[in-house]
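Working notes, structure below.
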Amino acid sequence: MVRHKAYDRVLLESLQLQIRAGERVALIGPSGSGKTTLLNIIAGLDSAFDGHRRCTPSLRIAYMFQEPRLLPWRTVAQNLRLAGAAPNQIVQLLREVELEAVEDLYPRQLSLGMARRVALARALALQPDLLLLDEPLVSLDPATAERMRQLLCRLLARRPGLSLVLVSHDPRDADALATRTLALTPNAAPSDVRDNDRARQGITTK
């Protein structure tokens, strides 16, 4: 539960969110509504708020940021190894995100769409229970964004127990990827705009 979170103004207030195993939640809303701030609270990266964050001790969280944040002096394979991928897993992870023959490339040699897919493979290398995606399709051209959206759908379908929290400005992302959509509005209480009510368990922010 986030009772209060503010910077120069109140950003989040009176918000309670529970995420259960296999649940896919989309956070939508305009810029400045607190979507990324809430994602950082869920990730445990932001503790400067009035409230409580609870999660099971063994919960593994992977965070894919807006920017790929690949180490530029490391190859694709080296970036994945740093996330815990064994050498024999790297090719499989890259195939899962529909990339091949890029292991020895450096981030500067990748397009933004390719770098995003490497960042996704890096997140999957952690074998997470909860995957956090902050605007994963932002700044991509429409065709690349749609391919990435469909790729995410396929990856999630293969991992029915994986929980997801997605931040997006685009309702198409929420429609395609989420079982539940939470609309955040500046200076207003959040509202559920879609909930498929599947069986869930896991992390609570209180």
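With Cβ to Cβ distances under 12 Å as the rule, what net charge do the other residues near residue 137 carry (K, R +1; D, E -1)? Combined, the nearby Lys, Arg, Asp and Glu give -1.
Measuring how big region 71-126 is from its alpha-carbon positions, Rg and Dmax come out at 9.6, 25 Å.
Values quoted throughout were computed directly from the atomic coordinates according to the rules given, and no laboratory measurement underlies them. Just so we're clear, the structure is a prediction, and the values are computed from it rather than from any experiment. Cβ sites come from the backbone with ideal geometry, for glycine too, and all protein chains shown count toward neighbours.
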